[in-house]
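Worksheet for the structure shown next.
The values are calculated or read from the model by the stated rules, or taken from the named source; none is laboratory data. What you see is a predicted model, and the numbers here were worked out from it, not measured in a lab. Here Cβ is always computed from backbone atoms with ideal geometry, including for glycine, and neighbour counts include all displayed protein chains.
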Amino acid sequence: MNDAIAEQFVRARLDATALPDFPGTIPATLNTAYSYQDRAIALWPDFVAGWKVGRIGEPWLARLGEDRLVGPIFRRGIRLAPPDQLVEFEEDARAAMARADLDAQEKVAREALELAEALARARREAEQRAREEALRRAQEQKAGRANALRKPK
């Protein structure tokens, strides 16, 4: 179940779309939620470079019994600013996310192309084997008929 939920989260992020609802049963504990997160992190095409901490508000605070949660910061989301320069974080973050999404989409497209090529190669090989088998059978039948004609009656 973790895989299906994580895959939906990753697909939505790669497609830059929102999910209408949580894709499954809402986790009852942070440990369960983190197991979904761990699987999604493993599927995401980037490396974790750090962690962000967020506050859990009501009604989840009472339900989970925890007041903080953590989430990954991926490598492509890190922006370095010169010490004496102000950086507009929100715009930089959007640009970094757009680059990460494009990189991820390119990776998915490359993998899809590689898969299509492998499937086409496998189909060609299977067709070649089928042709060779049909030719072998035809030759065996021809040889069998020739042998039958040569036998004295």
note = Counting only helices (runs of 4 or more DSSP H) entirely within segment 1-76, those with at least 3 residues that are under 14 Å from the mean Cα position of the chain (by Cα) and free of Cβ contacts under 8 Å to residues at least 40 places away in the same chain are 2-14, 30-43
task = Kindly indicate whether any position in segment 33-46 is surrounded by 14 or more Cβ atoms within 10 Å (Cβ to Cβ), modelled with pLDDT of 85 or more and over 27 Å from Val108 (Cα atoms).
result = no
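Can we say Val108 is within 26 Å of Ser35 (Cα to Cα), among the β-branched types (Val, Ile, Thr) and either part of a helix (DSSP H, G or I) or at pLDDT below 75 (or both)?
Here the answer is yes, as Val108 does meet what is asked.
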